[in-house]
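Beneath this line is the structure, given in structure tokens, with notes to follow.
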Amino acid sequence: QVQLVESGGGLAQAGESLRLSCTASGRTFSRNAMGWFRQAPGKEREFIAAFSWTIGSKYYSDSVKGRFTISRDNAKNTVYLQMNSLKPEDTGVYYCAAQRGTVVSRSHLSYDYWGQGTQVTVSS
């Protein structure tokens, strides 16, 4: 059974940093596209960042570009999201997601596996 487990969320003040981790079990995702999404109260799930191992490219939403960094450690079957210069509008539940395939997508509909989510709250 495939499981994605996020950790690292919490409370931060504006300008601070947090690092989220997502560890997969049940299979390896060394060649699969993986990404991070977030969902704020009353809003749709929003693409944040994704990584394509096959072509080594990283993709970010405009709202986080230059502040967030996605990375992965295949040996640990773990994906990270380093979040710097946090803003109150970054508040939400952050989800890790993985595809069976290798093509990165910004649509949450393209992802096959999801974590349970971790709450990030940024105060001003």
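The values are calculated or read from the model by the stated rules, or taken from the named source; none is laboratory data. Not measured: the values here are computed from a predicted model. Methodologically, a virtual Cβ is constructed for each residue, glycine included, from the backbone with ideal geometry; neighbour enumeration extends over all protein chains shown. Ligands, DNA and RNA are excluded from the accessible area calculation, which covers all protein heavy atoms including side chains. Shrake-Rupley method; radii C 1.70, N 1.55, O 1.52, S 1.80 Å.
Structure summary
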read-out	value
C-alpha center-to-center spacing [the range 1-45, the range 55-96] in angstrom	8
Principal axis box of the range 29-124, alpha-carbon based, largest edge first, Å	38, 24, 23
Rel. contact order, % - alpha carbon contacts under 8 angstrom, at least six apart, the chain	36
Choice from 63, 71, 17 with maximal GNM fluctuation in the chain (Cα, 10 Å cutoff)	63
Cα-based reach from residue 76 at 18 Å (exclusive), listing aspartates and glutamates while leaving out same-chain residues under 8 positions away	6
Phi-based couplings in Hz for the range 18-25 (Karplus 6.51, -1.76, 1.60; Gly and Pro marked x)	9, 10, 9, 10, 9, 10, 9, 9
Positive-end extreme of charge dipole, the range 10-124 - chosen from 111, 86, 40 (charges on Cβ)	111
Gained length - residue 116 relative to residue 54, 0.36 nm times residue gap less alpha-carbon distance	19.7 nm
Relative contact order (percent, whole number), the range 69-124, Cα cutoff 8 Å, 6+ residue spacing	37
Mean shadow area of the range 4-67 over all directions, Cα convex hull, nm²	5.6
Contour minus Cα-Cα distance for residue 108 and residue 11 (0.36 nm per residue)	32.4 nm
For the chain, built as a Gaussian network whose Cα springs stay under 10 Å, the top-fluctuating residue of 18, 109, 86	109
Reachable aspartates and glutamates, given that their alpha-carbon falls under 19 Å from the alpha-carbon of residue 65 and they are not under 8 places away in the same chain	16, 46, 89, 90
FRET efficiency, 1/(1 + (r/R0)^6) with R0 30 Å, evaluated for residue 1 and residue 67 via beta carbons	0.30
Protein accessible area in the chain, 1.4 Å probe - carbon and sulfur %	47
Mean accessible surface per residue for the chain, computed with a 1.4 Å probe while every protein chain stays in place, in Å²	50
